[in-house]
Amino acid sequence: MRHALFFQLLLLPLYLFLSSPVLANEPFPVHVLKIQGSINPAQQDLLQEAMDHAFKERAQLFVLQLDTPGGLGETTRNMVKQILNAPLPVAIWVGPDGSRAASAGVFLVAASAIAGMSPNSNIGSARPVGVGGEDIPEAMADKILNDFISLVRASAQSRGRNVDWYVSAVKDSANLTGTEAAMNRVVDLVAVSVPDFIEQIGIRGFEWQNERIYYNINDVAIIDFEPGLWYSILSWMLDPQIAYFLLMGGLAGIFFELTNPGAIFPGVLGGLCLLLGLYALSILPTNVAGLLLILFGLMLFGLELMISSFGLLSLAAVISIFFGSVILFRFEYGIGGVPMPSIIVTTIGISAFVGLCLYLVAKAHRNKPFIGPHQLIGQTAKVKHWSRDHGVVHLQGESWTAVSDAPLSLQPDDVVSVSNVDGLVLHVIPSSTHNMSGG
């Protein structure tokens, strides 16, 4: 018995060491990503790329600095799945002061392993809305609302947070400041900066893979993830209003090039804008019917040039472009859509621009051409070589085949006058300023 007791006493320090919280005594790399602006597919790809990079570089913690007014519902759901299934702990800090985690941001905070906010930031207002911010039609409101309530409830429960408040944020658009959120167990910490947030996490500790992890801030290596230029461009293009402007500007530029061939620059710029706009529309939730109505409107403008409709085709074109713009983006939770004032101003502007193009084309068709065969009659040309009743003359920097009604005795550099033009053949007579004799 004494031997057994002695053996247990020897193992007691080892038992206490193994059962104690894990404390990092070696360098503790923490990767930080900043997401600011609306939640869209570009943000989703950026988050996945940054987390993959952090995992590959053996980061111990991934921190997401968040400031968002909301975003697309499907993208939000995908980002929640990314955070819940991340290969390393994901902490979210809403800051600095004045920042917000509204709408889609609420779901991301609920899913994070550790959540923090700056004291004067806010979180909430996650009730689903339709395009342009209006309420969802009653027929689909309950279905969408319950779907997103289930998502936020499951996320908050898995992280041990205040489920009732998160449900109220989606159901009743509840809001809290950073300090209030910490007091109500909506978030875990209040921190004034990212380094402060990371330091408090180390002191407080966090659970990961059945271990309690602590670390000293002096051991932390903070590494910022810098997104590339393509992310900035894509994030800018995926704003519905920017995508709409690119589409309309591209169509206007190509229409100008088709009606005024040779301008080149409007066609090249219009083609570039159109391709970028179509790429953005392929990612955003769009209605094909809206795009077809806009194209149909431009086609009606073109027909106005060939058919005398007394303006009816132009009126129909304006109506088609307007309604196409209104329904271009289909409903999805979180999408801002294109504001009605922007649609009205753009429709009027595009219609006026296309009308100007058609006016210039029509005016050019009515006017007598400045350059043509009739302009050559009466002009003088120099003879290059001549044989009896035919030869070659030089006129306006070009060589022309020339004939005469009667044989002429002409020498190189003699001057003749153009009496008629038959296709590419000039009929010439002796110039009145030179004394030439017939042969």
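Relative to the Cα centre, the charge distribution of segment 62-218, modelled as +1 at Lys and Arg Cβ and -1 at Asp and Glu Cβ, gives a dipole magnitude of about 340 debye.
Think of a 1.4 Å ball rolled over the protein heavy atoms: segment 175-274 then has 53 Å² of accessible area per residue. Considering only Asn216, Ile201, Phe255, and ranking their Cα positions along the charge dipole of segment 183-257 that arises from unit charges at the beta-carbon of Lys, Arg, Asp and Glu, the one farthest toward the positive end is Ile201.
The alpha carbon gyration tensor of segment 175-322 gives principal lengths a ≥ b ≥ c with a/c of 1.5 or higher and a/b greater than b/c, which makes the shape prolate.
Partners of Lys34 within straight-line reach, counting lysines whose Cα lies under 25 Å from its Cα and excluding those fewer than 8 residues away in the same chain: Lys56, Lys81.
In terms of accessible area, using a 1.4 Å probe and ignoring ligands and nucleic acids, Phe310, Phe296, Phe197, Phe55 rank largest first as Phe310, Phe55, Phe296, Phe197.
Setting aside same-chain residues fewer than 8 positions from Lys143, which lysines have a Cα under 16 Å from its Cα? The qualifying lysines are Lys171.
Label sites at Val288 and Leu272, each approximated as a point 7 angstrom past Cα along Cα to Cβ, lie 3.0 nm apart. In plain terms, the chain from Lys56 to Arg204 could stretch by 50.7 nm, reckoned as 0.36 nm per residue minus the Cα-Cα distance.
The values are calculated or read from the model by the stated rules, or taken from the named source; none is laboratory data. Only a predicted model underlies this, so the values are computations on that prediction, with no experimental measurement involved. Note that we place each Cβ from the backbone using ideal geometry, even for glycine, and neighbour counts take in every protein chain shown. Protein only, heavy atoms only, side chains kept; ligands, DNA and RNA dropped before computing areas. Shrake-Rupley method; radii C 1.70, N 1.55, O 1.52, S 1.80 Å.
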